[in-house]
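The values are calculated or read from the model by the stated rules, or taken from the named source; none is laboratory data. Since the structure is predicted, the reported quantities are computational estimates derived from the model, not experimental observations. Note: ideal-geometry Cβ built from the backbone for every residue, glycine included; neighbour counts use all protein chains shown. The protein model used for the area step is the full one, side chains on, heavy atoms only, and it has no ligands, DNA or RNA in it. Shrake-Rupley method; radii C 1.70, N 1.55, O 1.52, S 1.80 Å.
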Amino acid sequence: MSSTTETQALRPDRKKSRLHLDIIGLGIAVVMIFPVYWLVISALRPNREIRSYDQKLWPTSITFDNFARAVDQPNFTTAIQSSLIVAVTAVVGGMIIATLAALAIGRFRFFGRKPLLLIMILVQMLPPTAMLIPIYAQLNAMGGIDEYWGLIVVYLVSTLPFATIMIRGFVVNIPVELEESAMVDGLTRFGAFRKVVFPLLAPGLAAASIFALVNAWNEYLFAYILINDNSKYTLNVWLMTFTTERGTDYGALMAASTMIALPVVIFFMIIQKKMAAGLTSGAVKG
C-alpha cells in the first residue's frame, strides 16, 4: 500500500515535468519554424507591405505576382537545369561510392581500416572555407572551373565521409549469415547484395541521401566561386540576380527562395519514415 501511495504521489510531478518539456519543445519549434513562415508570407505579400515599417504577422492582401516575376527572371530554367544536374549526379554518385566504401569497411578487415575511419571523422570537422583555396587551385589546374563536373566532385566528396560512416552502421548490423545463406541457395555475391543486403540498407541510404541532397541543393559558396558562367548558375547563385543597382526585389526573391526550398521538402516528406529509422537504427552497433 505504501509503495502504491508513493507512486500515485509522484505522478502529478511527472505530469508537471512532462508538461514543462512539452511547452519548451513547442517554444523551440515555433522559433525554428518562424523564419520559414516569414519566408512564405513575404513571398505572398505585395512589395509595398514588405518595405513597410509597420510589419504584421499576416499580410493584409495576398498576391502571386512575386512568383510570376521570379519565374520570368532571366536564366530561371537554366538555373533549375544546373541545380538538377549537379544535385542529382552528386547524390546518386555519392550514394553508390559511399555504399561500396561502407561495405568494404564493414565487411572486410584490412590494414589501415581504423585509421581510415578516424580520418573520415576528422575531415568532417574541417570547415569548407578552409579548403576553398586549395580546391579552387586544383580544379583550375584540371580545367574544372565553370564546369559541372568540378562542382559535382566537390559536393560528392564533401558528403562521402558522413554517408559512409552512416551506411557502415547498417552494414555491421546485417548478419553475414544472411548473405551466406542466399549464396548457398544459388545467388551470386552481387545477387545476395541486391536481394538481401540492399533492402536492409534502405533506411541508411534514405538518411544519407537527404543529407547529400541538402548539401548539394542549398550550397552557395562553392557554386559562386567555381561557376562564373551565367548560363550555368545554380539556383542559389541565380538568386543574386534579384539584387541590382536599383535595389532588391524582395517579393520576387522570397518567392524564388520558397520555390527553391520545395524540392527538398517534398523529397524529405517522401522518405521521412525511412530517414527517421536511419538516424536511429544505424548507430546501435559500431
Checklist line | Pairwise FRET efficiency - Asn228 versus Ile266, Cβ, R0 = 35 Å, nearest 0.05 | finding: 0.70
Check: Most mobile of Gln55, Gln81, Gln124 per a Gaussian network model of the chain (Cα springs, under 10 Å)?
Finding: Gln55
Next item on the list: Kindly report, to the nearest 10 Å², the accessible surface of Phe193 as traced by a 1.4 Å probe over protein heavy atoms only.
Entry: 40
Notebook entry, point to check: Which of the helices in the chain, when you take each full DSSP H run, stretch at least 18 Å along the axis at their Cα atoms and have an average Kyte-Doolittle score of -1.0 or higher?
Noted result: 2-44, 76-107, 113-125, 148-171, 198-218, 250-281
Next item on the list: For Val71 and Tyr53, compute 0.36 nm times the residue count separating them, minus their Cα-Cα distance, and round to one decimal in nm.
Entry: 3.7 nm
Check: Want the number for Glu245 to Ser181: 0.36 nm per residue separation, take away the alpha-carbon distance, what's left?
Finding: 16.2 nm
Check: If eta is 1.306 mPa s and T is 10 °C, what Stokes-Einstein diffusion coefficient results for the range 137-201, Kirkwood Rh from Cα pairs, in µm²/s?
Finding: 110
Next item on the list: Convert each backbone phi in the range 57-68 into a coupling constant with the Karplus relation 6.51 cos²θ - 1.76 cosθ + 1.60 (shift: θ = phi - 60°), then list the ³J(HN,Hα) values in order as whole Hz, x for Gly and Pro.
Entry: 6, 9, x, 6, 9, 10, 9, 10, 5, 4, 5, 5
Margin query: Using helices alone, I'd like the mean residue ellipticity at 222 nm for the chain: each DSSP H run of four-plus residues gives -39500 (n - 2.57), total over residue count, nearest 500.
Written below: -24500 deg cm²/dmol
Item checked: Amide proton proximity set for Thr248, modelled H, under 5 Å, gap of 5+ -> none
Note to self: Could you sort the peptides 249-258, 89-98 by per-residue average Cβ neighbour count (10 Å cutoff), highest mean leading?
What the structure shows: 249-258, 89-98
Notebook entry, point to check: Out of Asn230, Asn66, Asn218, whose Cα points farthest toward the positive end of the dipole of the chain (charges: +1 Lys, Arg; -1 Asp, Glu; placed on Cβ)?
Noted result: Asn218
Check: Mean 1/r over all different Cα pairs, inverted: what Kirkwood radius does the chain give, in Å?
Finding: 22.6
Check: Cα-based Rg (one decimal) and Dmax (whole number) for the range 22-102, in Å?
Finding: 19.5, 56
Next item on the list: Could I get the Rg over Rh figure for the range 111-161? Both from C-alpha atoms, Rh via Kirkwood, rounded to two places.
Entry: 1.05
Item checked: GNM flexibility winner over the chain from Met32, Met269, Met259 (Cα, springs under 10 Å) -> Met32
